[in-house]
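What follows is a set of notes on a single structure, which appears directly below.
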Amino acid sequence: MIADIGFFSLVIAFIMAVYGTAASVVGGWRSRRATIESARNASLLVFPLLTLSVVALVYALYTLDFSLAYVADVSSPVMSGFVRVTALWGGQAGSVLFWAWLMAGFVAVVLVRNGERDRELMPYVNAIAMLTTAFFVGVVVFITNPFARLWYVPGAQDLTVALLPPPGAMPYIPPDGGGLNPLLRHFGMIGHPPTTYLGFTGFVIPFAYAMAALITGKCRDDGWIRTTRRWTLVAWVFLSIGLVLGGRWAYDVLGWGGFWGWDPVENAMLMPWLAGTAFLHSVMMTEKRGMLKRWNIVLIILTYSLSLFGTFITRTGVISSVHAFGKSALGPAFLAFIALTFIGSLVLLFARWETLVSEHQLESFFSREAAFVLQNMLFLAIAVAVFWGTVFPLMTELITNTKITVGPPYFKKVTTPLFFTLVLLMGLAPLSAWRKGAVDRLGKAAGLPFLASLGITAGWGYLHRMHPASFAALWVVSFVLLRIDSEFWKGLRIRMVNRQENLPVALGKLVRHNHRRYGGYIIHLGVVMIALGFIGDAFFKQETQRTLAVGETLTLGEYTLRFDDLQMYAGSDGREVVEASAALFREGEYVRQLTPRRDYFVTQKQPVTVPGVYSTPGKDVYVLLVGWEDIGTNGSTFKMYLNPLINWVWAGGFTLLAGVLVSAWPSSSRRETTYVLKPGPRPAYSEHSGG
Amino acid sequence: MNDTEIDPPAAPPTNGREDRPFRWSLGRAMAVVGVAALIGLLGWGLVQAQRGPVEKGMAPDFTLTSFDGRTLSLSDLRGQVVIVNFWASWCPPCREEAAYLEQTWRKYQDRGVVFIGVDYVDAEKEALAYIDEFDITYFNGPDTGTRISTDYNIQGVPETFFIDKTGVLRGVKIGPLAPPELDNKIDGLLAEPYPGP
């Protein structure tokens, strides 16, 4: 019954979305306000209707309504209530519905918030966003419907999944459900898909604005680009959180001691993130200087197209990946939609190409404009390299009938120098000024951090003589870290001296009154912290493996592991657990007991390796139980990793999030913002800075 | 004031460029060709992907030369249960299953089971280091020209195919193996009678 309500509201949502798209186009084209209003109302209905569908499906998952094929597939009585709810995005059909629902939510917010602003753009924004939503809702209705039921046709070997009963069929309700893929029962995986989806779907809004601006020819005015910037930031931050959570999940669950493996599915997420990051920077050029208009539109199109491309390759299995996504029937429809989006946006872009001229020319190669352009090129170069590596197996298979997978070595080699140049630029670019070159300023403001970072690197080099390649990387990171700190310090000193504020007050006010600028610095700080984590992973990771009898030990670096005991017992959620107990010693001193284990999920026939981790700010000791003897406790195999600096990745992720919150915070006082941004020459300041 | 009509949009400041007709240029043509090629590539990939790995019927025959120069043909192994494991040294999930594979091989090697490691798209030096690291003792060789992996249409690495005593494919595991999966599979296949060639 409830499932029927969910299904019908889904169908009505589809009709509303199609109508909303068509009526928006007609209304915009003929400038008919009544039609536009009607389209808007229909589009606003899509979100509540889909909400009803989602609630119905969650209810079915929670109450284990196995008459639905989807519920029987991913839910099961042994799962806790919370995990059953997260099964909404644990399978194909549910996750596409979830996806469509989030997208409809974004569109609804835009329609409500910006209904009166951007009056000429709105019909087309509505049309483009609704067209995309209609596509995804259509996929849910016609191709992968979570409300489809299981039917038994007498004489047939397999059960049929269909919405309506095939002739002569009887409904079939399985006694038990398959349950959610055990790998997905982890907090990282519970948070990772929703945030990733929010990121991917969120990019539809900037894209719709860009398309609307091209269609109406309003792309010369920059009003729309401000709206777009904020929406891109929203989508971008969700995608960033999704990336970090995905890495954390891989680290905790996949059991290979790493967090980023350059797998196609990971690349699929990284590419739109790179293009989106480039856009968030270049959009400042348009806001401040009216430059790079074509480029911005290209970047928006690219960001959105890459997120569609990423969804396509992960959902259809076109590019083989170690991630197990099921093959599905939505490939052809998806391909048609991607083709429409790519070609449609390209045609529109060409049609308006001449309108999108810059208002200014680049005036100096050391100006802030030049820094932004360089930064954009670097981001795109990384995106192109990642794209190339991702589609390479497909191309070689087409041309030579041989699949050549390039693997992580390619990605590491190509992207590492580019990433580090970007990090370096992050430290230098804030020193440059709009329009003019400022080499002299560069020397003055960067001198002290430069010398200090050299000192740090020298100290580091002395301690880690065997890893010379890490010196350059560490120098870049420490230099940029100090540079960002000095930006803060500069602003703080002005306030502390001029206004007699103490440090915390000055810091609070400084950030509050220039939230975009200092939010940006905080984001940069987060990025540098993540870079530090990657240095640890690239240069200082150690691993070893050995089979131990009880009482035997395994040593790696300053840590020693002693195998104490092995237990087998039945765990919750229908799993059989094999758990080892091992004592960890640091330079002979007992630290704590680690319990790496292997959970075997009986129904799904799937094992999950759960590492035993001892985590410190400096490094993680990460121990896996990879094998054991059937009887007794005299032969268990352990893998042991030392992962230095890895926690900086997670801390960097939090810092980045904090930075986005600061920079996206609504402005409180405009007047003071201008004032602090342009501090006049003050005697007190020069006196102190001189001494 | 007519309320049903929107005010006509104010004309944007022009500099005489807006009215220029659309013209083809090399850059535009390249962009169109590039996009079309990408879509074509994805479409072709989609067709390939829908085929999926070979799962049923006779296992495609192959001859593999091991890293230490021995050769082995699948067709010579009738009467024995064969486990074909595709792996690569650059593949993290392969490392996850490596110890278990070797352990299972040692357990079954005298009971009519053959393990074959097929190293997929790899460099010999790294591959040998990997074999050394996990102390792998079963037959292992590089898939030169990715011929074997193409025949089996593998989806990625690791991927493991289970072949019964008569040379028929009896299943495939995409992704890493873990205890007691492989043991169960081998026990099942070993229990089957072999009627002879």
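For A:Val78 and A:Ala458 in the same chain, what is the full-extension length gain: residue separation times 0.36 nm, less their Cα-Cα distance, in nm?
Values: separation 380, 0.36 × 380 = 136.80 nm, distance 5.65 nm.
Difference between extended and current length: 131.2 nm.
Return the calculated 222 nm mean residue ellipticity for chain A, to the nearest 500 deg cm²/dmol, obtained by summing -39500 (n - 2.57) across DSSP H runs with n ≥ 4 and dividing by the residue count.
When only DSSP H runs of four or more count, the value is -21000 deg cm²/dmol.
Considering only the other residues whose Cβ falls under 9 Å of the Cβ of A:Glu558, what net charge follows from Lys and Arg at +1 and Asp and Glu at -1? Before the final figure, lay out the partial values.
Values: positive: A:Arg586; negative: A:Glu587.
Local charge sum for A:Glu558: 0.
What FRET efficiency comes out for A:Ala538 versus A:Tyr59 if R0 is 45 angstrom and r is the Cβ-Cβ distance? Round to the nearest 0.05. Working shown, then result.
On the way: r = 47 Å, r/R0 = 1.05.
E(calc), rounded to 0.05, equals 0.45.
Have a look at A:Met529, A:Ala371, A:Thr196 and report the one farthest towards the positive end of the charge dipole of chain A, computed about the Cα centre with Cβ charges (Lys/Arg +1, Asp/Glu -1).
Highest projection toward the positive end goes to A:Ala371.
As I understand it, the dipole of the stretch A:29-100 uses +1 on the Cβ of Lys and Arg and -1 on the Cβ of Asp and Glu, about the Cα centre. Which of A:Phe47, A:Pro77, A:Leu57 lies farthest toward its positive end?
Of the listed residues, the answer is A:Phe47.
Given the pairs A:Lys619/A:Lys639; A:Lys412/A:Lys639; A:Lys541/A:Lys639; A:Lys639/B:Lys107, which are separated by over 22 angstrom at their Cα positions? Don't jump to the answer; show the numbers that get you there.
Numbers: A:Lys619/A:Lys639 16 Å; A:Lys412/A:Lys639 24 Å; A:Lys541/A:Lys639 13 Å; A:Lys639/B:Lys107 20 Å.
As for pairs spanning more than 22 Å Cα to Cα, those are A:Lys412/A:Lys639.
Across the residues of B:173-179, average count of Cβ atoms on other protein chains within 10 Å?
Working: counts 1, 3, 5, 6, 1, 11, 8.
If you average over the peptide's residues, the count of other-chain Cβ atoms is 5.
On average over all directions, what projected area in square nanometres does the stretch B:66-121 have, based on the convex hull of its Cα atoms? Don't skip to the end; give the middle numbers.
Values: hull surface 17.6 nm².
The orientation-averaged projected area of the Cα hull of the stretch B:66-121 comes to 4.4 nm².
Could you give the length gained on full extension between A:Ala333 and A:Lys490, defined as 0.36 nm per residue of separation minus the Cα-Cα distance, in nm?
Fully extending the segment from A:Ala333 to A:Lys490 adds 51.0 nm.
With Cβ to Cβ distances under 13 Å as the rule, what net charge do the other residues near A:Phe411 carry (K, R +1; D, E -1)? Can you show the working numbers first?
Working: positive: A:Lys412, A:Lys413; negative: A:Asp263, A:Glu266.
That works out to 0.
For the protein assembly as shown, give me the percentage of DSSP beta bridges that are antiparallel, rounded to the nearest 5 percent. The partial results should precede the final answer.
Values: 71 of 82 bridges.
Counting DSSP beta bridges with both partners in the protein assembly as shown, the antiparallel share is about 85 percent.
Using r as the Cβ-Cβ distance of A:Gln593 and B:Ser66, and R0 as 51 Å, what FRET efficiency do you calculate, to the nearest 0.05?
On the way: r = 43 Å, r/R0 = 0.84.
For A:Gln593 and B:Ser66, the calculated efficiency is 0.75.
Considering only A:Pro167, A:Thr341, A:Thr400, whose Cα is most displaced toward the positive end of the charge dipole of chain A, charges sitting on Cβ of Lys, Arg (+1) and Asp, Glu (-1)?
In chain A, that residue is A:Thr341.
Could you calculate the contour length gain from A:Met568 to A:Val602, that is, 0.36 nm times the residue separation minus the distance between their Cα atoms, to one decimal place in nm? Please report the intermediate quantities before stating the final value.
Working: separation 34, 0.36 × 34 = 12.24 nm, distance 1.39 nm.
Result for the pair: 10.8 nm of gain on full extension.
First measure r as the distance between the Cβ atoms of B:Ala129 and A:Thr553, then evaluate 1/(1 + (r/R0)^6) with R0 = 22 Å and state the FRET efficiency to the nearest 0.05.
On the way: r = 25 Å, r/R0 = 1.12.
The computed FRET efficiency comes out at 0.35.
Under 8 Å for C-alpha pairs, at least 6 residues apart: give me the relative contact order for the stretch A:38-158, rounded to a whole percent.
33 percent
Where the only charges are on Cβ atoms (+1 Lys, Arg; -1 Asp, Glu), what is the dipole of chain A about its Cα centre, to the nearest 20 debye?
On the way: 56 positive and 41 negative charges, 590 e Å.
Approximately 2840 debye in magnitude.
Sort B:Ser75, A:Ser305, A:Ser31, A:Ser53 so that the residue with the fewest other Cβ atoms within 10 Å of its own Cβ comes first and the one with the most comes last.
Values: B:Ser75 11, A:Ser305 22, A:Ser31 16, A:Ser53 27.
With the sparsest Cβ surroundings first, the list reads B:Ser75, A:Ser31, A:Ser305, A:Ser53.
Alpha carbons only, please: Rg and Dmax for the stretch A:203-292, in angstrom.
16.6, 53
Compute the whole-percent fraction of alpha carbon pairs in chain A spaced more than 51 Å apart.
Working: 42954 of 238395 pairs.
Everything past 51 Å amounts to 18 percent.
Relative contact order for the stretch A:120-178 using alpha-carbon pairs under 8 Å, separation at least 6, rounded to a whole percent? Display every interim value, and only then the final one.
On the way: 48 pairs, mean separation 14.0, N = 59.
It comes to 24 percent, rounded to a whole number.
In what order do A:Leu346, B:Leu26 fall by count of nearby beta-carbon atoms within 10 Å, going from fewest to most? Don't skip to the end; give the middle numbers.
On the way: A:Leu346 19, B:Leu26 7.
The fewest-first ordering by Cβ neighbours comes to B:Leu26, A:Leu346.
Among all stretches of chain A without exposed GluC sites (Glu not before Pro) (DSSP loop, at most 16 other Cβ atoms within 10 Å), which one is longest?
On the way: sites that count: A:Glu116, A:Glu359, A:Glu363, A:Glu501, A:Glu552, A:Glu558, A:Glu587, A:Glu629.
In chain A, the maximal stretch lacking such sites is A:117-358.
What percent do you get for the relative contact order of chain A when only Cα pairs under 8 Å and 6+ apart count?
Numbers: 1179 pairs, mean separation 68.6, N = 691.
It rounds to 10 percent for chain A.
Fewest first, what order do A:Val78, B:Val84, A:Val373 take by the number of other Cβ atoms within 10 Å? Write out the running numbers ahead of the final one.
Values: A:Val78 16, B:Val84 24, A:Val373 19.
Fewest to most other Cβ atoms nearby, the residues stand as A:Val78, A:Val373, B:Val84.
Size of the dipole of the stretch A:71-133 about the Cα centre, Lys and Arg at +1 and Asp and Glu at -1 on the beta carbon, nothing else charged, in debye to 20?
Values: 4 positive and 4 negative charges, 24 e Å.
The dipole magnitude comes to about 120 debye.
Every read-out reported here was derived from the displayed coordinates using simple, explicitly stated rules and does not represent laboratory data. Values in this document were obtained by computation on a predicted structure and should not be read as measured data. FYI the Cβ positions are ideal-geometry reconstructions off the backbone, even for glycines, and counts take in every protein chain you see.
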